[in-house]
Amino acid sequence: MGKPRGIITPEDKERLAQRAYELGYYHESHERNCSQSAVAAIMEALDFQDDSVFKASTPLAGGGAVFGDSGCGAYYGGLLIIGLLKGRSVDNFIAEETARFRSFEIGRALHRKFIDKYGTVICRDIMTKVYGRPFWMVDPYEFKRMEKAGGHTTVCPEVVGNGARWAIEVIFEENLLSELNELLKNTPPYTVK
């Protein structure tokens with residue numbers, strides 16, 4: 001008999017990180033939207049659902065509104081989940097509060113993983129690394145060229161899978177299991193399959 005929902009232990013790290021990678025790859029290749037695919041993969045791997053976070057991640061895709069000139073959507077998706085676990089709440093919205101600084105530190109751990117693999121967290125620069133050039137995704141012709149180069153079949157799914165995996169790894173490596181298990185007590189399980 002398995003553990004009840006909501007009890008995640010350090011031993012679960014590799015299994016959940018691999019599951020997040022697989023789900024991120026799948027969602028990006030099927031439903032698209034890198035930021036939402038990363039968020040969905042992380043939530044599904046950890047078995048919780050927060051529709052507000054998922055919905056809020058929508059315009060972060062493709063380097064922000066698919067312009068490519070901002071952060072990678074998979075990176076932003078991971079940061080959103082980190083913020084959900086360790087961010088500053090509105091009832092503690094004061095300058096002296098310290099949770100925000102801890103969330104910055106944890107976010108930097110995710111940042112390091114992107115830098116180690118891609119040398120950047122900026123969408124167009126990741127595109128340059130993986131495609132050999134950036135694509136202007138708001139232009140239909142450029143978008144078709146990106147798709148032909150592996151856009152949503154292999155390339156972007158790989159980036160999203162990695163981002164989702166790394167976010168899970170950071171949750172474990174930065175000791176957020178108590179926050180995660182508390183979140184799991186107070187949120188519904190992931191139901192969108």
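The values are calculated or read from the model by the stated rules, or taken from the named source; none is laboratory data. Treat the numbers as computed from the prediction; the structure is a model and nothing was measured. Because the Cβ atoms are built from the backbone with ideal geometry, glycine has one as well, and the counts that use them run over all protein chains shown.
Brief remarks on what is shown
Each row is one residue, and each column tells you yes or no for (1) under 16 Å from L84 (Cβ atoms); (2) among the hydrophobic types (A, V, I, L, M, F, W, C); (3) buried (at least 16 other Cβ atoms within 10 Å of the Cβ).
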| residue | (1), (2), (3) |
| --- | --- |
| Y118 | no, no, yes |
| G161 | no, no, yes |
| I168 | yes, yes, yes |
| K185 | yes, no, no |
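- The lone exception for V138 - which of (1) without any contact (Cβ under 8 Å) to a residue 12 or more places away in the chain; (2) more than 20 Å from the chain's Cα centre (by Cα) it fails: (1)
- Test result for R88, more than 30 Å from P140 (Cα to Cα), modelled with pLDDT of 95 or more and charged (D, E, K, R): no
- Given (1) under 18 Å from A164 (Cβ atoms); (2) touching a Gly at 6+ places or on another chain (Cβ under 8 Å), index of the condition L46 fails: (2)
- Residue within region 46-61 that is touching a Leu at 6+ places or on another chain (Cβ under 6 Å), surrounded by 17 or more Cβ atoms within 10 Å (Cβ to Cβ) and hydrophobic (A, V, I, L, M, F, W, C) present: yes
- Residues satisfying the stated conditions in region 174-193, i.e. in contact with a Lys or Arg (Cβ under 8 Å, 6 or more places away or on another chain) and not in a loop (DSSP other than H, G, I, E, B): E179, L184
- Total residues in region 5-26, condition of a type outside the set (S, T, Y) and not in a helix (DSSP H, G or I): 4
- Residue satisfying condition, being more than 15 Å from the chain's Cα centre (by Cα), part of a loop (DSSP other than H, G, I, E, B) and of a type in the set (K, R), within set R133, R145, R100: R133
- Residues that are among the hydrophobic types (A, V, I, L, M, F, W, C) and either closer than 24 Å to F143 by Cβ or assigned to a loop (DSSP other than H, G, I, E, B) (or both), drawn from region 57-82: L60, A61, A65, V66, F67, C72, A74
- Selected residue (criterion: modelled with the highest pLDDT) from residues of region 91-116 that are farther than 21 Å from I42 by Cβ and of a type outside the set (V, I, T): F101
- Checklist (1) within 13 Å of the chain's Cα centre (by Cα); (2) more than 30 Å from P140 (Cβ to Cβ) applied to D50, failing item: (1)
- Output for region 62-75, where each listed residue is closer than 16 Å to G163 by Cα and either crowded, with 24+ Cβ neighbours inside 10 Å or touching a residue at least 60 places away in the same chain (Cβ under 8 Å) (or both): G62, G63, C72, G73, A74, Y75
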